[in-house]
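Heads up, the thing below is written out as structure tokens.
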Amino acid sequence: MHATHPTHRYPARAATVALTALAPASWGTTYAVTTRLLPPGHPLFAGLMRALPAGLLALAITRVLPRGEWWWRTAVLGALNIGAMPLLFVAAERLPGGVAATLGAAQPLLVAGLAMALLHERPSAWRLAWAVTGVLGVGLVVLGPGAGMDAVGVLAGLGHTATMAGGVVLTKRWGRPAEVGPLALAGWQLTCGGLLMLPLTLGFEGIPGRIDAGAAAGYLWLGSMGGLIAYTLWFRGIGRLPVGASAPLVLLSPLVATAIGLARGESLSVAQTLGFVAALTALLAAQFSPLGSRKTRQEKESCDDHEEGHKDGHGDGRRDDGGEDGGADDRRARRHRDGRRPGDLRGQGTRAPGAGAVPDADG
């Protein structure tokens, strides 16, 4: 087995990061779309229209259904990633967009804590420090003396952030079944989450009395770019990137919301400008590791490639990413399941279909 030189992986890694970033960037438009186009007082219906039509379309395209344990896994992931979506619309309606965005920017910190518990991953000081910097930067951009703090809105925003963080970590832990692409995985979860919201919408909220052309366009945007396309790219990226690199990308949501405000004639103070630069720097810096730790990891992985190649004569049959960290993730996942450490020559177990990869220790 011939290991790919790390420098050859960087363009693929950059492309993966860019495509994954489109998801939170599109979610940053939710605040403007909700407040300017959608009928007020219908967060459940907005979440339903964002999820169920897109999910059914994905099922029609892929024609793949879950099997075995993936039925209950899809239900859990659908509830976390999609089913809690109305909380986002509640926060957007009851809070200034900046306050809601700041609550969402705390997701990387929650992901880091959950990753320690579920993935046995200790976040590096580098990425943890940039996660904190990102939250502070977003806070400088969007919080001010006039920021309102509605208790229900704050709880809804925190609830959505927590469920999304849990969905990110479990998606990374479980991966996806063999021969199932990110479009099918997104379709399963969007459909499951939409079905979960359907009886709640009809029972507690109902359908808006009037849906004009602007509202129809808003629902279409949320269901397409903000729904099916965004979640397909998001799940693809989670499978290919270390969780510590994918989670900070959610900082794009408040930054895009701020950019939309600037395009509408708003202005930034000096403190807000510094916060914007700090958040953007944190987002970019989290995609890298300090040079020393990266060099040590690459040398170690090169030795592991050599050992694995001599041991079984070939690589893993299902490589999820082809990016910088995916091959190492798969090797660490095998050792984690087999109870092996690097350099241990005990027997190698088999890879369960759909098993997720354990991310980099510095992720």
Check: Roughly speaking, to the nearest percent, how much of the stretch 186-227's 1.4 Å accessible area is carbon and sulfur?
Finding: 74 percent
Next item on the list: Please say if the stretch 156-248 is rounded, prolate or oblate, where rounded means a/c under 1.5 for a ≥ b ≥ c the square roots of the C-alpha gyration tensor eigenvalues, and otherwise the choice is prolate for a/b larger than b/c and oblate otherwise?
Entry: prolate
Next item on the list: Show me 270-277, 217-224, 244-251, 150-157 ranked by packing, highest mean number of other Cβ atoms within 10 Å first.
Entry: 244-251, 217-224, 150-157, 270-277
Check: Simple spin-label model, 7 Å along Cα-to-Cβ: residue 129 to residue 117 in nm?
Finding: 2.7 nm
Check: Relative contact order for the stretch 102-249 using alpha-carbon pairs under 8 Å, separation at least 6, rounded to a whole percent?
Finding: 39 percent
Check: Which net charge results for the neighbourhood of residue 166, defined as the other residues with beta-carbon distances under 12 angstrom from its beta-carbon, given Lys and Arg at +1 and Asp and Glu at -1?
Finding: +2
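The values are calculated or read from the model by the stated rules, or taken from the named source; none is laboratory data. Remember, predicted model here, so these are calculated numbers, not experimental data. Cβ sites come from the backbone with ideal geometry, for glycine too, and all protein chains shown count toward neighbours. Side chains included, ligands, DNA and RNA excluded: accessible areas come from the protein's heavy atoms. Shrake-Rupley method; radii C 1.70, N 1.55, O 1.52, S 1.80 Å.
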